[in-house]
1. Can you find a residue that is in a helix (DSSP H, G or I), at pLDDT below 95 and over 18 Å from the mean Cα position of the chain (by Cα) anywhere in region 190-209?
2. Considering region 16-30 alone, what residues qualify as being out of contact with any His (no Cβ under 8 Å at 6 or more places or on another chain), modelled with pLDDT of 95 or more and not β-branched (Val, Ile, Thr)?
3. Identify all residues within region 61-92 that are more than 15 Å from the chain's Cα centre (by Cα), under 18 Å from Cys15 (Cα atoms) and surrounded by 14 or more Cβ atoms within 10 Å (Cβ to Cβ); write none if there are none.
4. Considering only residues that are part of a loop (DSSP other than H, G, I, E, B) and surrounded by fewer than 16 Cβ atoms within 10 Å (Cβ to Cβ), which ones fall in region 176-189?
5. Grab the strands (runs of 3 or more DSSP E) fully contained in region 110-164, keeping just those with 3 or more residues being at pLDDT 95 or above and under 19 Å from Asn14 (Cα atoms).
6. State which residue pairs qualify: first residue more than 15 Å from Ala157 (Cβ to Cβ) and among the acidic types (Asp, Glu) and inside region 183-204, second residue assigned to a helix (DSSP H, G or I) and modelled with pLDDT of 95 or more in any location, beta carbons under 8 Å apart, and separation of 6 or more residues or different chains.
7. Taking the condition within 24 Å of Met1 (Cβ to Cβ) and either part of a helix (DSSP H, G or I) or at pLDDT 95 or above (or both), does Ala40 pass?
Amino acid sequence: MFIKCLKVGSIETNCYIACDKVSNRAAVIDPGAEAARITAALEETGCTADYVILTHGHADHMSAAKEVVRNTGAKLAVFADELPLLNDPQKSMSAVINPTQDFETFNPDIMLRDGDTLTLGSIQLKALYTPGHTSGSCCIIAQDTLFSGDTLFRRSAGRTDLPTGNTSQLMESLKRLFSLDGDLKVLPGHGEFSTLEFERLNNPFSGSQTNAALS
């Protein structure tokens with residue numbers, strides 16, 4: 001799997017293009033801004049986008065989604081629980097982040113549920129329901145990579161003080177991610193890349209640092 005990361009928008013959201021280079025089928029994850037740049041980068045890979053996937057509905061992760069879909073013909077996929085946030089310019093913070101941009105409501109082609117898979121040639125993209133940052137946040141596992149959205153960051157985790165955020169849900173979602181098998185690469189919605197093993201040992205939300213202090 002070939003992965004290209006673009007930092008887009010004023011908040012520098014990590015937008016990912018994940019491509020199966022055998023079939024040349026791709027997914028665009030979290031196109032938060034700069035649709036033309038994302039489309040050009042996709043064309044440079046030689047891949048065709050089958051899906052645009054949103055890990056959640058905050059404006060910095062979805063504001064270019066409609067245009068990327070129009071440019072590519074890809075299907076838009078998002079967790080069903082995120083629709084109320086996606087379609088509200090206040091809850092999605094579109095009114096704050098993009099005050100001059102006309103807000104368009106969303107009618108996704110694919111309503112994801114926990115454990116659903118999307119296929120890119122030989123690659124399976126598995127959707128994990130990880131609420132907390134928002135009520136419908138998700139992560140995507142593809143081969144040895146975890147696209148963690150704004151749920152898990154390097155040495156940190158998503159905030160819960162924004163619309164539909166819930167701290168107890170986020171803690172359960174992080175617990176689920178830390179319990180996944182193997183040492184997946186962690187590609188978050190913002191900031192530096194990491195690995196799951198590094199986060200198990202160093203993330204203050206993993207519990208390992210607390211356990212080490214008590215041992």
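1. Within region 190-209, one or more residues are in a helix (DSSP H, G or I), at pLDDT below 95 and over 18 Å from the mean Cα position of the chain (by Cα).
2. If the condition is that a residue be out of contact with any His (no Cβ under 8 Å at 6 or more places or on another chain), modelled with pLDDT of 95 or more and not β-branched (Val, Ile, Thr), then Tyr16, Ala18, Cys19, Asp20, Ser23, Asn24, Arg25, Ala26, Ala27 are the ones that fit.
3. Lys66, Glu67, Val68, Val69, Asn71, Thr72, Ala74, Lys75
4. Ser179, Leu180, Asp181, Gly182, Asp183
5. So the answer is 123-129, 138-142, 145-149.
6. Matching pairs, first to second residue: Asp183/Leu196; Asp183/Glu197.
7. So Ala40 fits the description; yes.
Results for (1) within 14 Å of Leu54 (Cβ to Cβ); (2) in contact with a helix residue (DSSP H, G or I) (Cβ under 9 Å, 6 or more places away or on another chain), shown as yes or no for each residue.
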{"site": "Pro108", "(1), (2)": "yes, yes"}
{"site": "Leu118", "(1), (2)": "yes, no"}
{"site": "Gly121", "(1), (2)": "no, no"}
{"site": "Asn202", "(1), (2)": "no, yes"}
{"site": "Phe205", "(1), (2)": "no, yes"}
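The values are calculated or read from the model by the stated rules, or taken from the named source; none is laboratory data. Just so you know, these numbers come straight off a predicted model, no measurement behind them. Cβ coordinates were reconstructed from backbone atoms using ideal geometry, including for glycine residues, and neighbour counts include every protein chain displayed.
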